[in-house]
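Before any comments, here is the structure.
The values are calculated or read from the model by the stated rules, or taken from the named source; none is laboratory data. Remember, it's a predicted structure, so these values are computed and weren't measured experimentally. We place every Cβ from the backbone using ideal geometry, glycine too, and count neighbours over all the protein chains shown. Ligands, DNA and RNA are stripped out before the accessible areas are found, and what is left, the full protein with its side chains, is counted by its heavy atoms. Shrake-Rupley method; radii C 1.70, N 1.55, O 1.52, S 1.80 Å.
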Amino acid sequence: STTPAAAPVQDYDELISSLPVEQTSIPIRKYQNFWFPEGHLPGIMAIRQHFKPRPDDLFLISFPKSGTTWLKALAFTTMTRTHYPLDRHPLLSLNPHDVVPFIDDLFAAGQASKLEALPSPRILATHMLYSLLPDSITSSGCRIIYICRDPKDAVVSLWHFSAKATAAKRKECFPFDKFFEMACEGNFSYSPIWDHSLEYWKESLRRPEKVLFLKYEEMLEEPKANVKRLAEFLGWPFSEEEEKGGVVEEIITLCSFEKLKCLDVNKKGCQEVAVFQVANDSFFRKGEVGDWRNHASPEMAQKLDGIVREKLEGSGLTI
Ligand code: A3P
C-alpha cells in the first residue's frame, strides 16, 4: 500500500471555497452535512481519497477538546508498556501529539508519507465523524477508541484553545456567548457535537470488539478501571503480576494532567495544528469537570443540555 508522498491538498481549494461558510473563532464550512474548520478540510478530503489503513491500526477519535491528549498518552503508554522503562519514557521528552499523530494534520500538510514510515501497529488520531471516515478504515478491522466529554466543558475548552491559537492573528477574542450559541445550533467545528458522539456510540454497540467508547468524566473518576478496559480492548490485558507490581498506577501517574503539564516539553514546545502553530501548554489548561460553570449561565447550560438530551433520546447514551 502506498500513500502519496504529498497529497494534492490544493486540489480541494475550489470545492472548499464553494461550501457554505460561517465564522466562529475561525471560519467553518459545511461539508457532507457537518461543519468543519476550513483549515482542516483539505486534510479530511485527502484522507477520504487516499488514506490506506493497516488492519492493525488503532484509531483514537474524539470531538476536539474532549481529552484526546490524555487518551493518546494512555493508549501509547499502555501499548508500549514493555518497551521503555518509565524513568526514560518517550512521554518525558515528547508531547503526546508527537507520539500519536493526527492523520488530518499530516494529510493537510502534505506529509502523509510519514504515516507509511511508522512501524505497525500504528496509533493514529483524528477528529473526523464516523460517517466521514473512509470505508477503508471502517471495513478494514481497525480498532477505534472514542473519548467523549460533557459538550459544555468541551465548548469552553475549545473557546480557550481557539483564543490562544488565533491570538496572533486576531486582536479581539470571539465572544463566548456567541461561540456557545453556535455550538447549540450545531454550526460549530466538527458538529453537531451530539451527532459526533452518537455515531461512535452506535458503532460501539454494533461492534464492541472494534469500537471502545470512553467518557472523560468517568476516566477522571475511575482511571484504573478505565485503563484496564483500554488494555483489555487492545487484546493485551494487564497480567496479575503487572497489577501487583503497580504497572496500571504507574501508567496513570505518568499520563496524569499534573505530571504532563509540568514537563519541560509541554511547557515550551509547540505543535502544527492545521494552519496554526499551537503551544504545547495549550493542551493542558485545567483538566477538570464542570469548568463550564465559570463561563456559561445556567440558562445557556440548560439549553445545550436540553438539545443534547433530545437528540440522544432512546440511544442509551447520556453525556
Ligand atoms: P480543559 O481546557 O477543560 O482544561 P484535547 O486533548 O482533546 O485537546 O482536550 C484538551 C482538554 O483535556 C483540556 O481541558 C485539557 O486540560 C485536558 N487534559 C489534557 N491532558 C489531560 C490529562 N492528562 N488528564 C486530564 N485532562 C487532560
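Values computed for the structure shown
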| item | result |
| --- | --- |
| Conditions (1) open to solvent by 40 Å² or more (accessible area, probe 1.4 Å); (2) in a helix (DSSP H, G or I); (3) of a type in the set (A, V, I, L, M); (4) more than 30 Å from GLU181 (Cα to Cα); number of the one not met by LEU94 | (2) |
| Segment 28-45: number of residues that are part of a helix (DSSP H, G or I) and within 16 Å of PHE179 (Cβ to Cβ) | 0 |
| Selection within segment 46-73 - away from the ligand (no atom under 16 Å from the Cβ) and either assigned to a helix (DSSP H, G or I) or open to solvent by 20 Å² or more (accessible area, probe 1.4 Å) (or both) | ALA46, ILE47, ARG48, GLN49, HIS50, LYS52, PRO53, ARG54, PRO55, ASP56 |
| From the options SER162, SER136, SER131, residue that is out of contact with any Ser or Thr (no Cβ under 6 Å at 6 or more places or on another chain), polar (S, T, N, Q) and within 30 Å of PHE180 (Cα to Cα) | SER131 |
| Answer from LYS169, LYS178 - the residue that is part of a helix (DSSP H, G or I), farther than 24 Å from ALA73 by Cα and open to solvent by 40 Å² or more (accessible area, probe 1.4 Å) | LYS178 |
| Residue check, VAL227 crowded, with 19+ Cβ neighbours inside 10 Å, within 16 Å of the ligand (Cβ to nearest atom) and either in contact (Cβ under 8 Å) with a residue 60 or more places away in the chain or closer than 16 Å to SER131 by Cβ (or both) | yes |
| Residues that are surrounded by 14 or more Cβ atoms within 10 Å (Cβ to Cβ) and either outside any helix (DSSP H, G or I) or at pLDDT below 95 (or both), drawn from segment 238-268 | PHE238, CYS255, SER256, LEU263 |
| Some residue of segment 120-128 being open to solvent by 10 Å² or more (accessible area, probe 1.4 Å), closer than 23 Å to PHE284 by Cβ and not in a helix (DSSP H, G or I) | yes |
| Residue selected from segment 273-319 under the condition part of a helix (DSSP H, G or I) and touching a Pro at 6+ places or on another chain (Cβ under 7 Å), by the criterion farthest from the ligand (Cβ to nearest atom) | VAL308 |
| Per-region count, segment 188-208, residues open to solvent by 70 Å² or more (accessible area, probe 1.4 Å), touching a residue at least 12 places away in the same chain (Cβ under 8 Å) and either under 15 Å from the mean Cα position of the chain (by Cα) or more than 17 Å from LEU133 (Cα to Cα) (or both) | 1 |
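For (1) at pLDDT below 95; (2) aromatic (Phe, Trp, Tyr); (3) within 25 Å of GLN271 (Cβ to Cβ), each residue gets a yes or a no:
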site	(1), (2), (3)
ILE144	no, no, yes
ALA165	yes, no, yes
LYS169	yes, no, yes
PHE176	no, yes, yes
TYR190	no, yes, yes
LYS228	no, no, no
